[in-house]
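The values are calculated or read from the model by the stated rules, or taken from the named source; none is laboratory data. Predicted, not measured: the structure shown is a model, and the values here were computed from it. Virtual Cβ from ideal backbone geometry, glycine too; neighbours counted across all protein chains shown.
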Amino acid sequence: MASTRADDEQAGRQAGGTAGEHYFTARPATADERRDVEVELAGRTVTVQTARGVFSAERLDPGTSVLLPLVPDEPDATGDVLDLGCGWGPVALTLALRQPRRRVWAVDVNERALDLVRRNAQRLGVQVLARLPDEVPGDVVFERVWSNPPIRVGKEALHELLLHWLPRLAPGGEAHLVVQKNLGADSLHRWLDAQLPAALPGAGTTRTTSSKGFRVLTVRRG
């Protein structure tokens, strides 16, 4: 798949890292122009608020659209789950709609994005904890981590990000990462296989699905 505006924006949404002004800074310099966008989340059409300076402000990102169908309906499931690099919140909102008893965390460095998540959660009548990375207590572990990670920040920053959050998986927990094939899904898979055993003993990585030029890599903690 050729590079698109959404691909370029992907480099700007993250929960750690320093590249790309609009999306990587706590307070984007672009005007905070809010708009309503109609999207499908958790099998229903909803209207959410987005804004300039936030990842994929005009639509549901194609990579995220590959990831969302993997979120199961688990109305009785409990425990903490994480949307890492949440943007305006499509993954976190889907988690909260499909798994309302879980404690859903949405993490991003972009304060505008976090404000949008809070507003969108209120609009949809769900509970989401939208936080900066340093605002997540260190003793919280996650049953599931979901992420459309910022591949274009560069390998060093991406690896640092993953090595910070993936070890916080609970025993038996899983992390689902959607990565564009042309942006290094296979090389990231190899890196996870090589690095995770030391950082997260018993962990393994598999390719869960491939669609629309994206692959979902699933890390399971044994």
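Can you name the residue in the stretch 159-209 that is acidic (Asp, Glu) and either out of contact with any strand residue (DSSP E or B) (no Cβ under 6 Å at 6 or more places or on another chain) or crowded, with 21+ Cβ neighbours inside 10 Å (or both) and is also farthest from residue 139 (Cα to Cα) among such residues?
To start, the set of residues in the stretch 159-209 that are acidic (Asp, Glu) comprises 160, 174, 186, 193.
Now narrow it down to the ones that are either out of contact with any strand residue (DSSP E or B) (no Cβ under 6 Å at 6 or more places or on another chain) or crowded, with 21+ Cβ neighbours inside 10 Å (or both): 160, 186.
Working: 160: 19, 186: 32 Å.
The selected residue is 186.
Go through the stretch 93-107 and give me each residue that's within 23 Å of residue 139 (Cβ to Cβ) and in contact with a helix residue (DSSP H, G or I) (Cβ under 6 Å, 6 or more places away or on another chain).
104, 106, 107
Six or more apart or on different chains, Cβ atoms under 6 Å: show the pairs whose first residue is in the stretch 84-98 and farther than 7 Å from residue 71 by Cβ and whose second is charged (D, E, K, R) and surrounded by fewer than 24 Cβ atoms within 10 Å (Cβ to Cβ).
Pairs found: none.
Within the stretch 167-181, count every residue that is touching a helix residue (DSSP H, G or I) at 6+ places or on another chain (Cβ under 9 Å) and not hydrophobic (A, V, I, L, M, F, W, C).
Of the residues in the stretch 167-181, 3 are touching a helix residue (DSSP H, G or I) at 6+ places or on another chain (Cβ under 9 Å) and not hydrophobic (A, V, I, L, M, F, W, C).
Of everything in the stretch 210-220 that's of a type in the set (Lys, Arg) and part of a strand (DSSP E or B), which residue is nearest to residue 143 (Cα to Cα)?
Of everything passing the filter in the stretch 210-220, 220 is nearest to residue 143 (Cα to Cα).
Can you confirm whether residue 217 is under 15 Å from residue 158 (Cα atoms) and aliphatic (A, V, I, L, M)?
Answer is yes for this residue.
Among the residues that make up the stretch 113-120, is at least one of them polar (S, T, N, Q), out of contact with any Ser or Thr (no Cβ under 6 Å at 6 or more places or on another chain), surrounded by fewer than 22 Cβ atoms within 10 Å (Cβ to Cβ) and touching a residue at least 24 places away in the same chain (Cβ under 8 Å)? Full working, then the answer.
Going residue by residue through the stretch 113-120, those that are polar (S, T, N, Q) are 120.
Those left that are additionally out of contact with any Ser or Thr (no Cβ under 6 Å at 6 or more places or on another chain): 120.
Next, from what is left, pick out any that are surrounded by fewer than 22 Cβ atoms within 10 Å (Cβ to Cβ): none.
There is no residue in the stretch 113-120 that is polar (S, T, N, Q), out of contact with any Ser or Thr (no Cβ under 6 Å at 6 or more places or on another chain), surrounded by fewer than 22 Cβ atoms within 10 Å (Cβ to Cβ) and touching a residue at least 24 places away in the same chain (Cβ under 8 Å).
Which residues, taken from the stretch 32-64, are small (Gly, Ala, Ser) and out of contact with any strand residue (DSSP E or B) (no Cβ under 9 Å at 6 or more places or on another chain)?
Of everything in the stretch 32-64, those that are small (Gly, Ala, Ser) and out of contact with any strand residue (DSSP E or B) (no Cβ under 9 Å at 6 or more places or on another chain) turn out to be 42, 43, 53.
In the stretch 14-71, which residue that is part of a loop (DSSP other than H, G, I, E, B), modelled with pLDDT of 90 or more and of a type in the set (Asp, Glu) is nearest to residue 135 (Cα to Cα)?
61
Using beta carbons and a limit of 8 Å, which pairs, at least six apart or on different chains, have the first residue in the stretch 203-217 and under 10 Å from residue 66 (Cβ atoms) and in contact (Cβ under 8 Å) with a residue 24 or more places away in the chain and the second one crowded, with 20+ Cβ neighbours inside 10 Å and of a type in the set (Gly, Ala, Ser)?
Taking only residues 6 or more apart or on different chains, the pairs are 214/63; 214/185; 215/185.
How many residues does the stretch 77-98 contain that are buried (at least 24 other Cβ atoms within 10 Å of the Cβ), assigned to a loop (DSSP other than H, G, I, E, B) and in contact with a strand residue (DSSP E or B) (Cβ under 8 Å, 6 or more places away or on another chain)?
Going through the stretch 77-98 one residue at a time, the tally reaches 4.
For a quick check of your reading of the model, give me the residue pairs whose first member lies in the stretch 122-149 and is more than 15 Å from residue 88 (Cβ to Cβ) and in contact (Cβ under 8 Å) with a residue 60 or more places away in the chain, whose second is part of a loop (DSSP other than H, G, I, E, B) and among the hydroxyl-bearing types (Ser, Thr, Tyr), with beta-carbon atoms closer than 9 Å and at least 6 apart or on different chains.
Qualifying pairs under 9 Å: 143/78.
Suppose the filter is surrounded by fewer than 20 Cβ atoms within 10 Å (Cβ to Cβ) and within 21 Å of residue 174 (Cβ to Cβ); does residue 58 pass it?
No.
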